[in-house]
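Notes for the one structure printed next.
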Amino acid sequence: MLRPDTIGLTTLLGLLTAFGPVATDMYIPSMPEISRLLDASTSEVQLTLSSYLVGIAIGQVIYGPISDQYGRKPVLLLALVLFCGASALCSAAPNIEILIIARTLQAIGGSGAIVLPRAIVRDLYEGDRAGRELSRIGAVMSIAPVVAPLVGGILQLSFGWRASFLGILCVGLLATIITWRSMPETLRHRAPPASAINILRSYRTLAKNRVLLAHLGIVASSYAGLFAWISGSPFVLQDLYGLSAFGFAVAFALACIGSLTGAAIATSLVIRIGLDLTIGLGALTLASGGLAMVASLELGMAPVASLVLSMMLYQIGLMLAMPQAIAGSMAPFPDRAGAASSLIGLTQQTSAAVLGAVVGHTLGPTAWPLVIAVAMTGCVPLVLWTASRYRHRRRILARG
């Protein structure tokens, strides 16, 4: 069994958390081909993304509280089995309707691999140490958005869009085997039986906490901007600016280097300056990336390069701010780590699904719907962080 504070456990948790990027980024180079071969509109293909986010939101409501009672490992294994089965169904989907349904089931399974690693971190670590561990996991996870679209682009060119989902299935099977053989059980104190009433009570308690709500807003808004990019960039970069499927995969992977860079910076920075200042630096970088995207399009700069570089900056800010905000939102609830992680995931994925669907429906002959969405979601975290700092200072002055 893997032990806490080891590279092995951090790598495994990073692999599990990477299910989201892998299950999305590996097939996005194929989205235009899926549209053609399944005779589906752009908005229908976008639903394969939005339905995935809705499925993740649904699954996370359930997995966290149940794992607080029955343990992290058995619930995680159940989720992984569902993910693998749904991935196989995606690869065999005969039409867009079945693909959308299969993606929803895939997401419900994959959501366990997102929510439960966060709960495991809260079981084992506290405060800045938890933020550092989440950043390390984020660094491992950030490799997936760089590699997955390149692999997906190669599979698309060589075998067609169904091969991407078979690749996702292979990742899921590998993670299931490693989890079964090596994952320790980290839950120390069992929660009361996970009835619907107890689950609702847990969420009501969480929703009253202002610290959680402030951090939750930062997580949800910044993550929504990422999914605006994920849902809109395949059509903007391929259909509007003429990139091939593999060329898009390369451009997308380059933007994702920002996530890897941000996670690496946060890993060393958070112990020195703390969660709050790291979040603030991330929020400033998010806003800079979003506004740079607006400026580059307005000034008529080279569109592909300017969009990719702006998104790279945005993703640096994302990985500086989001893991720390997640750690800060879970810190007050050591006995409800699963439920807190579920609430974070529910809000995060719902906001991303809504914005992704809006971008998909509004895209047309220009990139402005995508650019405006990224700029807005980049500025919101900075506003929220500044407001929370102002309230904190007022409380200190009132006590003094």
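With respect to ALA253, is the statement that it is touching a helix residue (DSSP H, G or I) at 6+ places or on another chain (Cβ under 8 Å), assigned to a helix (DSSP H, G or I) and either surrounded by fewer than 22 Cβ atoms within 10 Å (Cβ to Cβ) or hydrophobic (A, V, I, L, M, F, W, C) (or both) true? Lay out the reasoning, then the answer.
Working: touching a helix residue (DSSP H, G or I) at 6+ places or on another chain (Cβ under 8 Å): yes; assigned to a helix (DSSP H, G or I): yes; either surrounded by fewer than 22 Cβ atoms within 10 Å (Cβ to Cβ) or hydrophobic (A, V, I, L, M, F, W, C) (or both): yes.
The answer is yes for ALA253.
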Next item on the list: From GLY300, GLY328, GLY345, GLY360, grab the single residue that is of a type outside the set (Ser, Thr, Tyr), more than 18 Å from LEU286 (Cα to Cα) and not in a helix (DSSP H, G or I).
Entry: GLY300
Margin query: Tell me yes or no: at least one residue of region 191-203 is at pLDDT 75 or above and either under 18 Å from the mean Cα position of the chain (by Cα) or aliphatic (A, V, I, L, M) (or both).
Written below: no
Margin query: I'm told TYR125 meets every condition in (1) farther than 26 Å from ALA220 by Cα; (2) surrounded by fewer than 18 Cβ atoms within 10 Å (Cβ to Cβ) except one. Can you identify the failing condition by its number?
Written below: (1)
Margin query: Checking SER142 against (1) over 21 Å from ALA339 (Cα atoms); (2) of a type in the set (Ser, Thr, Tyr); (3) surrounded by fewer than 24 Cβ atoms within 10 Å (Cβ to Cβ): exactly one of these is not met. Which one?
Written below: (3)
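Is there a residue in region 351-368 that is modelled with pLDDT of 90 or more, surrounded by fewer than 24 Cβ atoms within 10 Å (Cβ to Cβ) and not basic (Lys, Arg)? Lay out the reasoning, then the answer.
Narrowing region 351-368 to residues modelled with pLDDT of 90 or more: 368.
Then keep just the ones that are surrounded by fewer than 24 Cβ atoms within 10 Å (Cβ to Cβ); that gives 368.
Those left that are additionally not basic (Lys, Arg): 368.
Checked against the condition, which is being modelled with pLDDT of 90 or more, surrounded by fewer than 24 Cβ atoms within 10 Å (Cβ to Cβ) and not basic (Lys, Arg), region 351-368 yields at least one hit.
Yes/no per residue for (1) touching a His at 6+ places or on another chain (Cβ under 7 Å); (2) outside any helix (DSSP H, G or I); (3) β-branched (Val, Ile, Thr):
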| residue | (1), (2), (3) |
| --- | --- |
| GLY232 | no, no, no |
| PHE235 | no, no, no |
| GLY242 | no, yes, no |
| ALA249 | no, no, no |
| LEU260 | no, no, no |
| ILE265 | no, no, yes |
Item checked: Members of region 38-63 that are of a type in the set (Ser, Thr, Tyr) and modelled with pLDDT of 80 or more -> SER41, THR48, SER51, TYR52, TYR63
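The values are calculated or read from the model by the stated rules, or taken from the named source; none is laboratory data. Since the model is a prediction, treat every value here as computed from it, not as a measurement. Don't worry about glycine lacking a Cβ; one is built from the backbone with ideal geometry, like all the others, and counts go over all protein chains shown.
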